[in-house]
Amino acid sequence: MFANVTEPGVVVPMAAALAIGLGALGPGIGIGLAVKGAMEAIGRNPEAEGAVRLTMIIGAALAEAVAIYAFVVAVIIAFVL
Amino acid sequence: MFANVTEPGVVVPMAAALAIGLGALGPGIGIGLAVKGAMEAIGRNPEAEGAVRLTMIIGAALAEAVAIYAFVVAVIIAFVL
Amino acid sequence: MFANVTEPGVVVPMAAALAIGLGALGPGIGIGLAVKGAMEAIGRNPEAEGAVRLTMIIGAALAEAVAIYAFVVAVIIAFVL
Amino acid sequence: MFANVTEPGVVVPMAAALAIGLGALGPGIGIGLAVKGAMEAIGRNPEAEGAVRLTMIIGAALAEAVAIYAFVVAVIIAFVL
Amino acid sequence: MFANVTEPGVVVPMAAALAIGLGALGPGIGIGLAVKGAMEAIGRNPEAEGAVRLTMIIGAALAEAVAIYAFVVAVIIAFVL
C-alpha cells in the first residue's frame, strides 16, 4: 500500500485516520445497542423511564470512553508523532 | 495501492477519507439500531411516545458524538497535516 | 503495505493506530451488549434497578479494562518504541 | 506487508499493536455477552442477584485473562524483542 | 507478506503477535457465550447455582486452555525461536 515510504509525514495522516476510523466502529455500534435496549425497555414499561435513562447514560458513557481513547491516540499521532 | 509515494500531499486526502468513512460506519449503524428500538417501542406502546423520543435523542446524540470525533480527526488531517 | 521501510519512525504511528483501533472494536461492542441487557432487565423488572446498575457497572468495567490495555499498548508504542 | 524489512525495530511496533489489537477483540465481545446474560438473569429473577453477580465476575475474569495474555505478549514484544 | 526477509529477528515479533492475537479471538468470545448461558440458567433456576457455576468453570477452563495454547506458542516464538 505504501511502497518506498521513507518519510513519517506520509504515514501519520493515514495512521490517525485508522485510529479513529476503526476505533469508532465498536463504540458506535455498542451505543446503538444500548439505546435500542433502552427503547424496548421504555416501550414495555414506560414507568421505568427515569431508571432506564439514567442507567443508559452511565452505560453509554463507558462505551463513549472507548471511542475517546481512540480519539486521544489519533490526536497524539497527528500532533506528537 | 500507493506505489512510490513520497509526498504527504498524496496520502492526506485518502487518510481524511478513511477517517470519516470508517468512522461513520459504526455510529451510522448504531443510530439506526437506536431508532429501530424506538420505533418498536412506540409501535408497542404509543402512550410512551414522549419518553421514548426524549431518551432516543439523548442516546443517539451519544453515538453521534462518536462520528463527530471522526469528523474532527478528518478535518485535522485535511487542514493541519 | 510498507515496502522498503527502514525507519521505525514510519511504522510507529500506524502501529499505535492499529493497537487502539482494533483494540476498541471488541470492548465497544461488548459494553453495548452489556448495557442492552441492563436496559431489558430494568424494563422487565424496574425494582431490580439498583442491582442491575451495580452489576452492569462492574461488568462494563471489566470490558473497559480490555480497551484500556489496548490504550496502554498504543501509548507505549507511541512514546517508548 | 513488509518487503525488504531488515530491522527488527521496524516490525516490533506493528507486532505489539496486532497482539493487543486482535487479542482484545474476542474478550471485549465475550465479556459483553457474559454481562448481558447476567443482566437478563437479574431482570428475570432479582433474588438471584448475589449468585449471578459472583458467577458473572468469575466468568468474566476468565475472559479477562485471555485479554491479559495478549497484553503480556504485547509487552514482551515491545520491551524484550 | 514478508518478501526478501532474511533475518529471523524480523519475523519473530510478528509471528508471536499473530499467535496470541488470533488465538485469543475465539476463546474470548467462547467464554462469553458460556458465561451468558450460565447467567440465563441461574436466572431461570437459582437453586441450580452451584451446579451451574461448577460446570461453567469446567467449560470455560476448556476454552481458556485454547487461549493458553496460543499464549504458550507465542512465548515459545518469542523466547526460543
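Being in contact (Cβ under 8 Å) with a residue 12 or more places away in the chain and either part of a helix (DSSP H, G or I) or of a type outside the set (Asp, Glu) (or both) is a property that does not hold for residue C:76. Residues that are more than 7 Å from chain E (Cβ to nearest Cβ) and not in a helix (DSSP H, G or I) within the range D:21-53 are absent altogether. Contact map, the range A:26-55: residues that are in contact (Cβ under 8 Å) with a residue 40 or more places away in the chain paired with residues that are in a helix (DSSP H, G or I) and charged (D, E, K, R), Cβ distance under 8 Å, separation 6+ or inter-chain. Pairs shown: A:27/A:64.
All of (1) surrounded by fewer than 22 Cβ atoms within 10 Å (Cβ to Cβ); (2) within 14 Å of residue D:32 (Cβ to Cβ); (3) not hydrophobic (A, V, I, L, M, F, W, C) hold for residue C:55 with one exception: (1).
Could you go through the range C:11-29 and let me know if any residue there is β-branched (Val, Ile, Thr), under 27 Å from residue D:71 (Cβ atoms) and within 15 Å of the chain's Cα centre (by Cα).
Filtering the range C:11-29 for residues β-branched (Val, Ile, Thr) gives C:11-12, C:20, C:29.
In the following step, the residues that additionally are under 27 Å from residue D:71 (Cβ atoms) were identified as C:11-12, C:20, C:29.
Now restrict to residues that are within 15 Å of the chain's Cα centre (by Cα): C:20, C:29.
Checking the range C:11-29: at least one residue is β-branched (Val, Ile, Thr), under 27 Å from residue D:71 (Cβ atoms) and within 15 Å of the chain's Cα centre (by Cα).
Could you please find all residues in the range B:59-81 being β-branched (Val, Ile, Thr), under 15 Å from the mean Cα position of the chain (by Cα) and at the interface with another protein chain (Cβ under 8 Å from one of its Cβ atoms)?
First pass over the range B:59-81, keeping only residues β-branched (Val, Ile, Thr): B:66, B:68, B:72-73, B:75-77, B:80.
Now restrict to residues that are under 15 Å from the mean Cα position of the chain (by Cα): B:66, B:68, B:72-73, B:75.
Across the range B:59-81, the qualifying residues are B:66, B:72, B:73.
Read the figures in this text as sums done on the coordinates, not as results from a lab. In this text the structure is predicted, and so the values were computed from the model without any measurement. Virtual Cβ from ideal backbone geometry, glycine too; neighbours counted across all protein chains shown.
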